[in-house]
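Worksheet: the structure to be examined is printed underneath.
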Amino acid sequence: MSDRLNELDVSLLMALDALLIERNVSRAAHRLGITQPALSGRLGRLRVLFDDRMFVPIAGRGVTPTPRAVGVEKNLTKVLAQLRELVGPEQAFDPQLDERTFVVAAYDNPAAMLAPELLPSFKVDAPRVRLAFVLPDHDKLAIELERGDIDLFVGVIKHQHPDLLSRTLFEEEWMTAQRRGHPRGRVRPTLDEFCELDHLLISAEGAEFTGMVDRELAKLGRKRHVSISIQSYALAPLMIANSDCLCTLPRRFLQRFEPLLELFEPPLELGRFRLQALWHRRMQDDAAHRWIRERIFAAAAAQVSQASI
């Protein structure tokens, strides 16, 4: 069987199909856009491949298929249809009709910033589409994007992989939050006061008590006291609102909780960071993937517009 498959090409299948339809070598050649001798050559190869005459001349009426050729006809039609679908244009993605689950790897912070803009339109524009947010594993991120286990990563990119494409969604700055009615008052703390107060830190890896703020303080020869470490951004506003801890987080995230919190600029330069979307280059031209990317880009653009009002 493997030897026969090595001898098979699509032009032979198309020649067989044309002969079965036309039952005439001249008309079949015209149908294929080739010369009659060229079609006769393909018919000779078909006879060797199938070990059968395949077509028998009928005086004045062209050719008639042998039982072997007739037996092949049904499967041949299916195979050619599948091949045409295989090499045909990409099927359009219709969010109103298609069922698809998109998986986005993101920590609580970017998910919380994008979801309020991203989710409301799904029920209207894509009623059958499902969206899953999962926590990213940076060690496995590239391979999971390549395999399609996740469609996109949204967050801060630590290392750009050569097979991955990225787009900056927006730049963000840091703010420090405290509970309303904090005994220290509402004025921006000095650096000394900042270092003396208790702090809450979000550690994605868990159980860590130093982070980006501590590294910047160390450059100034200073330290702060981190008394609480959690892994979830979602818990942070509740814990800040019910303690005297300060917490330094992205501004867009904290602004959603201003009824509970008071915000101020931290008393040291922390710079800004870029929130980016990351995906595998093999998905660049996929219609469905392009659709979810555009949705995420639009949600990020809405965030930027709101911030400028």
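Side notes on the structure shown:
- Close pairs (8 angstrom Cβ cut-off, 6 or more residues apart or separate chains): in contact (Cβ under 8 Å) with a residue 24 or more places away in the chain in segment 48-77, of a type in the set (Asp, Glu) and not in a helix (DSSP H, G or I) anywhere: Val48/Glu7; Leu49/Glu7; Ala69/Asp52
- Residue match in segment 100-108 (condition: modelled with pLDDT of 85 or more, in a helix (DSSP H, G or I) and either within 30 Å of Ala277 (Cα to Cα) or not assigned by TED's automatic domain parsing to the domain that holds Ile296 (or both)): no
- Scanning segment 42-60 for residues that are at positive phi and surrounded by fewer than 17 Cβ atoms within 10 Å (Cβ to Cβ), we see that the one that is modelled with the lowest pLDDT is Gly60.
- Checking each residue in segment 162-186 for being in contact (Cβ under 8 Å) with a residue 24 or more places away in the chain, farther than 24 Å from Pro266 by Cα and not in a strand (DSSP E or B) picks out only Asp163.
- Here the condition is being at pLDDT 90 or above, surrounded by 11 or more Cβ atoms within 10 Å (Cβ to Cβ) and among the aliphatic types (A, V, I, L, M); of Leu8, Leu39, it holds for Leu39 alone.
- Qualifying position, being under 27 Å from the mean Cα position of the chain (by Cα) and within 30 Å of Met283 (Cα to Cα), among Val103, Val79, Val10: Val103
- Residues in segment 61-81 that are surrounded by fewer than 10 Cβ atoms within 10 Å (Cβ to Cβ), more than 14 Å from Phe50 (Cβ to Cβ) and not basic (Lys, Arg): 0 in all.
- Pair list, Cβ under 6 Å, 6 or more apart: segment 110-131 residue not assigned by TED's automatic domain parsing to the domain that holds Ser232, other residue buried (at least 16 other Cβ atoms within 10 Å of the Cβ) and aliphatic (A, V, I, L, M): none
- Restricting attention to segment 240-289 and to residues that are assigned to a loop (DSSP other than H, G, I, E, B) and small (Gly, Ala, Ser), the residue that is modelled with the lowest pLDDT turns out to be Gly271.
- Any hit, segment 123-133, residues being surrounded by 13 or more Cβ atoms within 10 Å (Cβ to Cβ), modelled with pLDDT under 90 and over 25 Å from Asp94 (Cα atoms): no
- Selection status of Ala204, modelled with pLDDT under 95, within 35 Å of the chain's Cα centre (by Cα), of a type outside the set (Val, Ile, Thr) and surrounded by 16 or more Cβ atoms within 10 Å (Cβ to Cβ): yes
- Output for segment 161-201, where each listed residue is touching a His at 6+ places or on another chain (Cβ under 8 Å) and hydrophobic (A, V, I, L, M, F, W, C): Leu164, Leu165, Cys195, Leu197
The values are calculated or read from the model by the stated rules, or taken from the named source; none is laboratory data. Predicted model only: the values in this text are computed from it and were never measured. Quick reminder, even Gly has a Cβ in these numbers, built from the backbone with ideal geometry, and neighbours come from all protein chains shown.
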